[in-house]
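Working notes, beginning with the structure itself.
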There are 2 protein chains.
Amino acid sequence: MISLAELQRRIDAGELSPDDAIAQSLAATSAHEKSIGAFVCRDENPRAQSAGPLRGIAVGIKDIMDTADFPTEMGSPIYRGYRSRGDAAVVMMLKQAGATIVGKTTTTAFASVDPTPTLNPHNHGHTPGGSSSGSAAAVAAGMIPLALGTQTGGSVIRPASFCGVAAIKPSYRLLPTVGVKCYSWTLDTVGLFAAGVDDVARGLAAMTGRPELLLPSSIPTPRIGIVTQDFAGAPEVSGGEALQIAARAAERAGATVHGVDLHEIVAEAWQAHSVIQEFEAHQALAWEYRENYDAMAPLLRARLDESKGTAPAAYDEAMGVASRARHALAKVFEEVDVLLTLSAPGAAPQGLDSTGDARYNRLWTLMGVPCVNVPALIADGGLPVGVQVIARYGADAEALAAARFVEVALRRKWR
Amino acid sequence: MISLAELQRRIDAGELSPDDAIAQSLAATSAHEKSIGAFVCRDENPRAQSAGPLRGIAVGIKDIMDTADFPTEMGSPIYRGYRSRGDAAVVMMLKQAGATIVGKTTTTAFASVDPTPTLNPHNHGHTPGGSSSGSAAAVAAGMIPLALGTQTGGSVIRPASFCGVAAIKPSYRLLPTVGVKCYSWTLDTVGLFAAGVDDVARGLAAMTGRPELLLPSSIPTPRIGIVTQDFAGAPEVSGGEALQIAARAAERAGATVHGVDLHEIVAEAWQAHSVIQEFEAHQALAWEYRENYDAMAPLLRARLDESKGTAPAAYDEAMGVASRARHALAKVFEEVDVLLTLSAPGAAPQGLDSTGDARYNRLWTLMGVPCVNVPALIADGGLPVGVQVIARYGADAEALAAARFVEVALRRKWR
């Protein structure tokens, strides 16, 4: 993989020009794209900017985000050839930080669950996960150092886990969703994929102009609460192992680690997630669903068919549960600095007819708390499995620092 | 003005066909549009739908809302000829409820403060207010029974007050902003304009599928707290009179009416509004501002120039103040059912170089609480002045019912 931090270091030191850094990403993309299929379209002649912390950084943008310079097709024939007038806010943030947008990455239709043609770089017979399939795979294949995705259920953390890359789903609305196709306004969150936690932190800090998101030179030792999310069912063997290995590594590295029980309202919120998601999707995608029914991707359409006619009162109740759960969860963070839990049930499932299961992600999206995926082990078939480090709402810097702690602890273990 | 309730009654009774109802609005629009200039573009041959509670209802849509059937030009040459692929969620809600979209109404550029060519129907030498200028004026001039606008500062309630129509800025996110050009995602709220409170309630109930928003057959007598918003400065004579007249009328009609002091954190939130609004606007309009600077409307551009470089920490602090103020405000509603306050400093100011002052509106937009404008008096020059009735977050039905109480009380007084 291409390390953003390493590129920055070499560019800052004058060892590499921003143009050469972009050229390097281009060459890597040319080498791997044919076998992985991470991009919907690419700029054949991208140019580096000369200033900004992300100069020389080639970025892939999930194809549900508006770009003035590329079509935005939402993974759906309904938007074939569609051109927005301007750039999404996050695209402009990248440009203002000096980055170069090199192309649009594949997305499941409207960031839902119908698979894209993208393959998992670690094993081509497996899904890269979704819905941000192309962004996760492009970083994992070493094509680009940074990519943007979005998460409504588990569309950032899950593909990051399946593809063995670091990723952050930041606190709700730390990154604006303006110009990003909406599925659920209460849930949709823009996230970043990069090679490691430091790389992700650098990308997020540069985009937001918040240097406090950069990793501190000395990473504090976190108090870690382990959450097994029993309300979401049991994990597969590899998922359970990943969590156990990460917990042990963190403990050996000096962290306080103990199990944490979540208030039952939090489990209720896990169930409320889908009510909120689909109720809002029926409004957000009303034009697509009502006026382009036949052209809708089949799994998404079936999901909307099933959830049709949910009463506003059920939605209001789900929103109330979510609000109470956020308060209950905030209390947990009085005892621990971060939570450590599963990123996915296990390694990427075989085949390309599913993007995997978001059941360990959706609660945290609804809670709006920052989640960072850290690769924890390599399972059978060479497939990575990650864990996620979660901090309280607004504590994105703490989530990143603790994720870095876990990342280092896991590498130490592997020696 | 055309009463939506009256149209519904006649259509339900079979006295008027939906097509004839639309034709009636078309004829009225043809008669007045030339002198008022409320529309950016119109459907020359709109057709009624045959079913739905809003069949036969001609609706105007503020031109920052996506429409598949009309261009969406945002009041700016930057979006000249721009066509979205689909319809905004609120446009689909109207269509699903049976309404007919007859055209797009004028908006200040990106719903900010640069005036549109629209004139105030009550006095052509005065502004209709902004930013939803065309929607307020089209209803006020009797062209259409219903129109949509948006409010970020005071862009629904203020033009409603200046134009003498009823309007609601509902609770934050009761109506989705999906497909509506964003200025500030924390503030932007879609609202409705109609002839009277009953008409507004019928429109909102039909759009949302929430019959509980319809007025009850017997309107309860509210406990009313009067708020003068001293932190926003003193009103003009006509504004102060409107509030006094409405308060007295409500009291005479049996309501409990007394002054309410707001916690000082609420006054702080009033100041925090502009920090949040402009910080988010710099992200939401980054493409327009950075890449189309010369084509930006001058007042908006100056506003963005001034607020450039606001530190994320200042924004975070403002968001914290807003959150604490929402809690403090919620406590006020333990003592009273609704608040009654100014909709604007006074009648619409003379001339067309300003859309008036949003200082009595912005706090309530930030608090996310439902606000309903009720016309209260006619000042010099034949210009109306309104007051706003405000309920706690989520209590849109209570806001509408209490506004109806005040509306009836005021009419009684005028006999």
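What follows is calculated from the coordinates using simple rules that are stated; it is not laboratory data. Treat the numbers as computed from the prediction; the structure is a model and nothing was measured. Quick reminder, even Gly has a Cβ in these numbers, built from the backbone with ideal geometry, and neighbours come from all protein chains shown.
Summary of values
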{"item": "Amide hydrogen neighbours beyond the local backbone of A:K62, cut-off 5 Å, H modeled", "result": "A:T105, A:L148"}
{"item": "Rg and Dmax of the stretch A:4-213, Cα atoms only, in Å", "result": "15.2, 47"}
{"item": "Dipole of chain B [Lys/Arg +1, Asp/Glu -1 at C-beta], most positive-end residue of B:P375, B:S50, B:Q229", "result": "B:S50"}
{"item": "Local electrostatic count at B:K104 - Lys and Arg +1, Asp and Glu -1, tallied over other residues with Cβ under 9 Å", "result": "0"}
{"item": "The stretch A:50-76 versus the stretch B:349-379: alpha-carbon centroid distance in Å", "result": "39 Å"}
{"item": "Inverse of mean 1/r across different Cα pairs in chain A, Kirkwood, Å", "result": "20.9 Å"}
{"item": "Relative intensity, log₁₀ I(q)/I(0), of the stretch A:331-373 from a Debye sum that treats every alpha carbon as a point, q = 0.17, 0.22, 0.31 Å⁻¹", "result": "-0.58, -0.84, -1.21"}
{"item": "Selected from B:S84, B:A206, B:P128, residue furthest toward positive end of dipole (the stretch B:4-213; charges at beta carbon)", "result": "B:S84"}
{"item": "Per residue Cα convex hull volume in Å³ - calculated over the stretch B:279-397", "result": "136 Å³"}
{"item": "Cα shape, the stretch A:97-217, gyration tensor, a/c 1.5 rule", "result": "oblate"}
{"item": "Prolate/oblate/rounded call for the stretch A:179-280, Cα gyration tensor, a/c under 1.5 rounded", "result": "oblate"}
{"item": "Table column - 3J(HN,Hα) (Hz), the stretch A:167-176, Karplus curve with 6.51, -1.76, 1.60, x for Gly and Pro", "result": "7, 10, 9, x, 3, 3, 6, 5, 9, x"}
{"item": "The stretch B:73-166: C-alpha gyration tensor shape, a/c 1.5 cut-off, then a/b vs b/c", "result": "oblate"}
{"item": "B:L342 long-range amide H proximity, modeled H, under 5 Å", "result": "B:Q388"}
{"item": "Longest to shortest principal axis, alpha-carbon extents of the protein assembly as shown, angstrom", "result": "89, 51, 51"}
{"item": "Relative contact order for chain B, counting Cα pairs under 8 Å that sit 6 or more residues apart, in percent", "result": "20 percent"}
{"item": "DSSP beta bridge pairing in chain A, given as percent antiparallel to the nearest 5", "result": "65 percent"}
{"item": "Largest-first principal axis extents, alpha carbons of the stretch B:361-415, Å", "result": "34, 22, 9"}
{"item": "Packing-based exposure ordering (other Cβ within 10 Å, fewest first) of B:W185, A:W270", "result": "B:W185, A:W270"}
{"item": "Entries of A:K104/B:K104; A:K169/B:K169; A:K104/B:K181; A:K308/A:K331; A:K169/A:K308 with Cα pairs more than 26 Å apart", "result": "A:K104/B:K104; A:K169/B:K169; A:K308/A:K331; A:K169/A:K308"}
{"item": "Shielding score for B:170-183, defined as the mean number of other chain Cβ atoms within 10 Å", "result": "3"}
{"item": "Taking the stretch B:4-213 and dividing mean pair separation by its residue count, relative contact order in percent (alpha carbons under 8 Å, at least six apart)", "result": "22 percent"}
{"item": "Residue (of B:V180, B:L192, B:G149) at the positive-pole extreme of the stretch B:147-253, dipole from beta-carbon charges", "result": "B:V180"}
{"item": "Distance between the stretch A:261-303 and the stretch B:180-258 - C-alpha centres, whole angstrom", "result": "33 Å"}
{"item": "For B:V338, net neighbour charge (Lys/Arg +1, Asp/Glu -1) across residues whose Cβ lies under 9 Å away", "result": "0"}
{"item": "Nm distances between copies for A:K34, ranked from closest, using label points 7 Å along Cα→Cβ", "result": "6.8"}
{"item": "Cα centre as origin, Lys/Arg/Asp/Glu Cβ charges: the stretch B:4-213 dipole, Debye", "result": "360 debye"}
{"item": "Contact order relative to length of the stretch A:48-147, as percent, for alpha carbon pairs under 8 angstrom and 6 or more apart", "result": "31 percent"}
{"item": "Neighbourhood charge, 12 Å Cβ-Cβ cut-off, centred on A:I219 and excluding it, Lys, Arg +1 and Asp, Glu -1", "result": "-3"}
{"item": "Simple Cβ-charge dipole of chain B, Lys/Arg +1 and Asp/Glu -1, about Cα centre, in debye nearest 20", "result": "680 debye"}
{"item": "Candidates A:S274, A:S25, A:S217: whichever shows maximal mean-square fluctuation once chain A is modelled as a Gaussian network with Cα springs under 10 Å", "result": "A:S217"}
{"item": "Charged-residue dipole, Cβ positions (Lys, Arg, Asp, Glu), the stretch B:1-64 about Cα centre, Debye nearest 20", "result": "100 debye"}
